[in-house]
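The values are calculated or read from the model by the stated rules, or taken from the named source; none is laboratory data. This one's a predicted model, so the numbers in the text were calculated from it and none came from an experiment. Here the Cβ positions follow ideal geometry from the backbone for every residue, glycine too, while neighbour counts run over all protein chains shown. For accessibility, only protein heavy atoms count, side chains too; no ligands or nucleic acids. Shrake-Rupley method; radii C 1.70, N 1.55, O 1.52, S 1.80 Å.
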Amino acid sequence: MEDRPRRAVQTVLGPVAPEALGPTDAHEHLFLRTPALPGEAFTELEPMVAEASSVRAAGARAVADLTPIGLGRDPRALRLLAERTGLHVIAATGFHRDVHYPDGHWALGEPEDALAELLVADLTEGMDERDWQGPRPRQGPARAGVIKLGASYQTLTSPERRRLAAGARAAVATGAPVAVHCELGTMAHEVLDLLGQHGVPPGRVALAHLDHNPDPGLHAELAERGAFVIYDGAGKVKYHPDSLLIELVGRMAEAGHAGSLLLGGDIARRGNLRAHGGGPGMAHLFAVLVPRLREAFGGELADRLVVANPARLFAFEAAEHPGG
Ligand SMILES: [Zn+2]
């Protein structure tokens with residue numbers, strides 16, 4: 001597979017040099033459907049073209065779609081969306097925490113080997129166009145560019161451990177970056193420990209939702225281990241106001257950890273999308289929070305968070321097992 005990009009960012013339309021990625025929303029969902037959020041699915045292309053166009057108009061040039069297998073991931077629609085909006089779209093493979101899979105779903109019971117195999121195929125050959133929901137795999141041209149994994153609140157269940165191990169194996173085999181949903185910002189150290197036991201260093205891992213556990217001491221510890229910390233609650237004031245994110249960024253920058261922070265919108269509900277009449281809308285991060293960060297800390301720090309740091313995370317590393 002010598003045409004597989006090395007140290008490039010892998011988007012659904014092909015490899016992009018890290019320095020060409022541009023301002024990046026590091027955690028979104030462009031199409032989503034999960035039994036954990038009944039009534040909140042969004043899987044239609046046209047409204048998402050409108051929503052994602054507003055993200056681009058607000059200044060973003062790239063979006064990481066951290067939607068793992070089984071949650072409405074749609075590789076063909078992601079390519080159309082990238083073509084229509086001009087955004088670089090980084091798609092995910094991987095698995096979420098247990099609550100997103102109905103009883104009896106194969107993701108809860110398949111062995112680690114089989115799970116790792118699917119992830120490697122999505123990353124190196126092309127994502128299955130029916131998202132591995134059958135009846136037969138149908139490989140498309142879009143490759144995944146990140147491995148998304150998930151942990152439950154205050155615990156890692158045994159299927160979650162198995163999926164984290166499978167994800168780690170796929171990361172080692174391909175050089176892909178890893179992003180992990182930490183429910184309410186818990187289990188971050190444990191996730192890094194488990195991935196590390198399987199050969200993935202913290203520097204290849206981004207931990208999502210840490211602003212739901214807004215403890216600057218914890219975030220500094222994770223950064224000291226080398227991990228990326230994602231603040232992805234912008235605009236969702238039921239969790240916290242944006243002022244908290246500004247404070248956290250300030251604390252982390254003061255402690256010398258600005259190089260470990262990523263920002264995302266993580267719009268995961270139909271009711272959060274402007275295109276469906278809700279809010280804050282996917283553009284909120286770049287339209288509202290990023291300008292406030294520029295105002296508070298200057299453009300250099302803001303650019304580090306949305307340009308330099310995502311370019312570092314999302315660039316593939318040379319794989320340990322070339323062609324694997
Ligand atoms: Zn998410």
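Extending 7 Å from the Cα toward the beta-carbon at both Arg251 and Ala308 defines two label points whose distance is 2.3 nm. With the whole protein complex present, Tyr239 retains an accessible surface near 90 Å², based on a 1.4 Å probe. When exposed loop sites are taken as GluC sites (Glu not before Pro) in a DSSP loop with at most 12 other Cβ atoms within 10 Å, the longest stretch of the chain clear of them is 3-319. Computed over the chain, relative contact order equals 22 percent, with contacts defined as Cα pairs under 8 Å that lie 6+ residues apart.
Dividing the Cα radius of gyration of the stretch 16-174 by its Kirkwood radius returns 0.96 for Rg/Rh.
Overall form of the chain: rounded. Here a/c, set by the Cα gyration tensor axes a ≥ b ≥ c, is under 1.5.
For the chain, what proportion of DSSP beta bridges, expressed in % and rounded to the nearest 5, is antiparallel?
Percentage antiparallel, nearest 5: 25.
At a probe radius of 1.4 angstrom, the accessible area of the stretch 203-318 per residue rounds to 37 square angstrom. Positive-end ranking of Ser243, Gly281, Val306 along the dipole of the stretch 234-307, with charges on Cβ about the Cα centre, is headed by Gly281. Mean-square fluctuations from a GNM of the chain, with a 10 angstrom spring cutoff on Cα atoms, peak among Leu301, Leu123, Leu164 at Leu301. Its Cα centre serving as origin, the chain has a Cβ charge dipole (Lys and Arg +1, Asp and Glu -1) of approximately 500 debye.
Reducing the stretch 228-277 and the stretch 57-136 to their Cα centroids gives an inter-centroid distance of 23 Å.
Out of the total accessible area of the chain (probe 1.4 Å, heavy atoms of protein only), what percent is carbon and sulfur?
Ligands and nucleic acids excluded, carbon and sulfur give 50 percent.
DSSP assigns beta bridges within the stretch 112-269; of those with both partners inside it, close to 10 percent run antiparallel.
In plain terms, if you count all Cα to Cα distances in the stretch 171-276 and split them into 5 Å steps from zero, the share in each step is 2, 12, 24, 22, 18, 11, 7, 3, 0 percent.
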